[in-house]
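Bear in mind that the values in this text are calculations on the coordinates, not laboratory data. Here the structure is a predicted model, which is why all the values come from computation and not from measurement. Ideal geometry is used to build each Cβ from the backbone, glycine not excepted, and the neighbour counts take in all protein chains shown.
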Amino acid sequence: MSRKIFVIAEAGVNHNGDLDIALQLVDVASKSGVDAIKFQTFDTSELVTASAPKAAYQSANLRSDLSQFDMLKNLELSKNSHRELKRYSEEKGLVFMSTAFDIPSLKFLVHDLGISCLKIPSGEVTNGPLLFEYGKTDRELIMSTGMASIEEIRWALGVVAHASMEPDENPSNPKFLDSFYSERGQELLSRRVTLLHCTSEYPAPVEQLNLLAIETLRKTFGLRVGYSDHSEGIYAAVAAVALGSVVIEKHFTLDKELEGPDHRASLSPEELYQMVKEIRKIEVGLGDGIKKPTTSELITQRAVRKSLYARKPIRAGELFTEYNLTTKRPQSGISPMEYWRILGTVSRISYEKDEQIR
C-alpha cells in the first residue's frame with residue numbers, strides 16, 4: 001500500500017456471478033483512477049446454512065424470493081474466474097484484492113493467487129477461527145469494523161496478533177488479549193493491520209455514519225485507519241479523507257438497476273470517477289500539517305498586512321504618539337507589533353503624511 005490515500009473500488013458481488021461483467025468492472029475501476037479493485041471469495045456451503053434468512057437490505061434490494069443460500073450460490077466466482085480477474089486487473093495497473101469469507105477461500109487467495117493485501121469483512125470480526133487463519137498469513141490486512149464494539153475489535157486484533165506471533169501454538173482466549181497488549185503484538189499489528197470504520201447498512205443513513213469514530217479508532221488502537229463507505233453518494237468518503245482516513249473503500253456497479261443485493265447502494269461509473277477526483281484534491285490539500293505561511297501567502301502578506309506609517313506630518317525631534325502614528329497597508333516596514341515600543345521615542349527624521357516609519 002502506498003503512502004497516499006489508498007482507494008479501493010469494491011466490486012464485491014456486483015458481477016452477478018458473470019465473469020464478463022466482472023471484467024467490465026475492472027475496466028471501470030481502471031479508468032476511475034482507484035488503486036485497487038476488490039471482489040468477494042466464498043464457498044456458499046462453507047458460508048451459510050440452507051435455511052439462513054437474507055439480511056433486510058438483501059431482501060429489499062432483490063426482486064426474487066431466493067433464499068440467502070441460493071442468492072449467494074448465484075454470486076460465486078470460480079477459481080479460474082479469480083485467476084483471470086487477477087491477471088486482467090494487474091494488466092490494467094490495479095491491485096487485485098478479495099475478501100475471503102471462509103478458510104478454504106482464504107487459503108486459495110493466499111497460496112494459489114498470492115494476494116498481498118487481504119480484506120477482513122465486518123461480518124467476520126467475531127469469527128475467531130477465520131481471524132486466526134488471517135493472522136497466520138504474512139499478508140497486509142485491512143479489517144472492516146461495521147457492527148463491532150471497541151471490545152470486539154480489541155479481541156479480533158488479539159486473535160490476529162496471537163496468530164501472527166504463534167501460528168503453530170494451540171490458541172486459547174486468555175492468550176489473545178495478552179498477545180494484543182504485548183510489545184511484539186502491538187508492533188505486528190502496527191505493521192500489518194489497517195482498521196476501517198464502517199456502518200453496515202446498505203445504504204447507510206447519514207445520521208448513522210458516525211464519521212468521528214474514525215478518530216476514535218485511531219486514538220484507541222494506534223493503527224492506520226480508513227473508511228468503508230456504504231452511504232449514498234460520495235460526500236462521506238471525501239469527508240473521511242479530510243478526517244484522516246488513509247484507505248477508502250466504496251462499492252460500485254455498472255448499473256444501479258441491475259438485479260442483486262448491493263447495486264442500489266453502489267456508485268455508478270461516473271460517480272466512482274468523481275469520488276476519486278475529489279479524494280485526490282483533498283489528498284493534495286491536506287498538506288504536511290506544519291502551520292507556516294505558504295509560498296503564495298508570502299506574496300499576499302505584503303498587500304494585506306500593515307506597517308507603521310505617519311498619520312500626519314512629523315518633524316525631526318518630535319515624539320511619536322498615538323496622534324501621529326498609524327498602521328496601514330502595505331507591509332514593507334516596521335511591524336505594527338512594534339507600535340508600543342516606538343510610542344514616546346523621538347523621531348530622528350521628518351515624515352510626510354502616509355510616509356513609512358523607518
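See the values below:
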item	result
Over 31 Å between alpha carbons, listed pairs K73/K277; K219/K291; K277/K328; K4/K92; K38/K292	K73/K277; K277/K328; K38/K292
By average C-beta atoms within 10 angstrom, highest first, the peptides 287-298, 318-329, 27-38	27-38, 318-329, 287-298
FRET efficiency estimate (nearest 0.05) - Cβ-Cβ, L286 to K306, R0 22 angstrom	0.10
Two-site label geometry, D168 and E257: point separation in nm, points 7 Å out along Cα→Cβ	5.9 nm
Virtual spin-label span in nm between R154 and S296, 7 Å along Cα→Cβ	4.6 nm
All-pairs alpha carbon distance profile, the chain, 10 Å steps from 0, percent	5, 21, 26, 17, 7, 7, 8, 6, 3, 0
Antiparallel DSSP beta bridges within the stretch 6-286, percent to nearest 5	0 percent
Residues with amide H under 5 Å from that of G226, placed H, sequence gap 5 or more	L195, L196, H197, V246, V247
Among A163, A316, A239: highest mean-square fluctuation, GNM of the chain, C-alpha pairs under 10 Å	A316
Crossing angle, helix 183-192 versus the chain [Cα axis fit, 0-90 degrees, rounded to tens]	90 degrees
Cα gyration tensor of the stretch 1-130 - equivalent ellipsoid semi-axes, whole Å, descending	25, 17, 14
Kirkwood estimate for the stretch 287-358, i.e. one over the average of 1/r between Cα atoms, Å	13.2 Å
Square roots of five times the Cα gyration tensor eigenvalues for the stretch 234-306, Å	39, 12, 8
Max mean-square fluctuation residue, GNM over the chain, Cα-Cα springs under 10 Å, options P336, P121, P167	P336
Length released on extending from L23 to S335, taking residue separation times 0.36 nm less the Cα-Cα span	105.9 nm
